[in-house]
Amino acid sequence: MDSSWSLPLPLKEYAMSRVTVYFYSDRWVPIKYCSLEKAILLHQKANLEGKEILLFPTNLDPNQLSNSFNQNALN
């Protein structure tokens, strides 16, 4: 999935914040916990290899968001 969205790099004080790296395969699958700085490098490397991964804060489960969106769509 290509996107024209572009996010600025985080401020230096957030570089060591912990994030979860996910990929999607019928649902969001967590593959790694690491610092935001390392996760951004991993994301860039994955893009170069034609793969897509997304980064989320450790306290956010994208599967819960997907379920919420699906439930709202049914109501």
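Okay, residues lined up against (1) surrounded by fewer than 14 Cβ atoms within 10 Å (Cβ to Cβ); (2) part of a strand (DSSP E or B); (3) within 12 Å of the chain's Cα centre (by Cα); (4) touching a residue at least 12 places away in the same chain (Cβ under 8 Å):
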position: 19; (1), (2), (3), (4): no, yes, yes, yes
position: 22; (1), (2), (3), (4): no, yes, yes, yes
position: 33; (1), (2), (3), (4): yes, yes, yes, yes
position: 40; (1), (2), (3), (4): no, no, yes, yes
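The residue pairs whose first member lies in the stretch 49-60 and is assigned to a loop (DSSP other than H, G, I, E, B), whose second member is exposed (fewer than 15 other Cβ atoms within 10 Å of the Cβ), and whose beta carbons are closer than 6 Å, counting only pairs six or more residues apart or on different chains, are 53/23; 58/18.
When the stretch 7-17 is limited to residues that are open to solvent by 100 Å² or more (accessible area, probe 1.4 Å) and not in a helix (DSSP H, G or I), the one that is modelled with the highest pLDDT turns out to be 16.
The values are calculated or read from the model by the stated rules, or taken from the named source; none is laboratory data. On a predicted model such as this, the values are computed, not experimentally measured, just so you know. FYI the Cβ positions are ideal-geometry reconstructions off the backbone, even for glycines, and counts take in every protein chain you see. Note: areas computed on protein heavy atoms with side chains; ligands, DNA, RNA excluded. Shrake-Rupley method; radii C 1.70, N 1.55, O 1.52, S 1.80 Å.
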